[in-house]
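Structure first, then comments.
The values are calculated or read from the model by the stated rules, or taken from the named source; none is laboratory data. All values derive from a computational prediction rather than experimental measurement. Glycine gets a Cβ as well: all are built from the backbone with ideal geometry, and neighbour counts include every protein chain shown.
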Amino acid sequence: MNKPGITIRLPDWLERFMSGPPPVFPEREDRMRLVIELSRLNVRYGSGGPFGAAVFDSCGVLIATGINMVASSQCSLLHAEVVALASAQKVLGRYDIGDGGKLQYDLFASTEPCAMCFGAIPWSGVSGLICGARDEDVRGIGFEEGAKSVDWVSYLNQRGISVVRDMLRFEAVAVLQEYAAAGGLLYNSGN
């Protein structure tokens, strides 16, 4: 009898970012460039929507990557942030990435979190969230992001999670616009 279970199989093209010794990205902008490139490649390879994410340690060592795989996996939970967090938890061997605040890890995301990803962030143990495009940019191409409090940044700050918005926003928005112009699937758009 087969036991039910969940296996997340990342696309082969994504493995090149995590093969060999973990790469180091000393500058925060370079970390954001990586997640924007992940979102772009995800669209070009047809493996998901225009979203990318990654977890880095405080020195810029890449711990894990994530891409949106909702449509390709037929699983609504597989947003880029959730995939990156789950992958980091697997790599580090703990559900609390920061080990109770002893260690510092940042989640970089090509866009601000939707309602689901926002809920996952405080539970993950990351100490920082750095975002490219804004919620309104994602909604602007037709995605439904769910209900999120207008003071979501303050909430994360109160939980000890720093938030940086608009890092390389123009570049992140360009990927969203490319996706929309190419007729990319807008799942759960309410249309």
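Quick one: is E178 at pLDDT 95 or above, more than 18 Å from the chain's Cα centre (by Cα) and surrounded by 15 or more Cβ atoms within 10 Å (Cβ to Cβ)?
Working: at pLDDT 95 or above: yes; more than 18 Å from the chain's Cα centre (by Cα): yes; surrounded by 15 or more Cβ atoms within 10 Å (Cβ to Cβ): yes.
So E178 fits the description; yes.
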Residues of region 61-99 classified as of a type outside the set (A, V, I, L, M), modelled with pLDDT of 95 or more and more than 16 Å from the chain's Cα centre (by Cα), total: 6
Boolean, G146 is surrounded by 15 or more Cβ atoms within 10 Å (Cβ to Cβ), under 18 Å from N68 (Cβ atoms), among the small types (G, A, S) and at pLDDT below 95: no
Output for region 37-66, where each listed residue is surrounded by 24 or more Cβ atoms within 10 Å (Cβ to Cβ) and in contact (Cβ under 8 Å) with a residue 60 or more places away in the chain: L38, S39, G49, P50, F51, V55
Helices (runs of 4 or more DSSP H) lying entirely in region 21-92 (those with 3 or more residues that are under 18 Å from W123 (Cα atoms) and of a type outside the set (A, V, I, L, M, F, W, C)): 80-92
Residues of region 124-169 satisfying the condition of being part of a helix (DSSP H, G or I) and more than 15 Å from the chain's Cα centre (by Cα): E136, D137, R139, G140, W152, V153, S154, Y155, L156, N157, Q158
Residue within region 20-35 that is in contact (Cβ under 8 Å) with a residue 40 or more places away in the chain, more than 18 Å from F170 (Cα to Cα) and out of contact with any Phe, Trp or Tyr (no Cβ under 7 Å at 6 or more places or on another chain) present: yes
Hey, S110 touching a Ser or Thr at 6+ places or on another chain (Cβ under 9 Å), small (G, A, S) and either at pLDDT below 95 or surrounded by 16 or more Cβ atoms within 10 Å (Cβ to Cβ) (or both) or not: yes
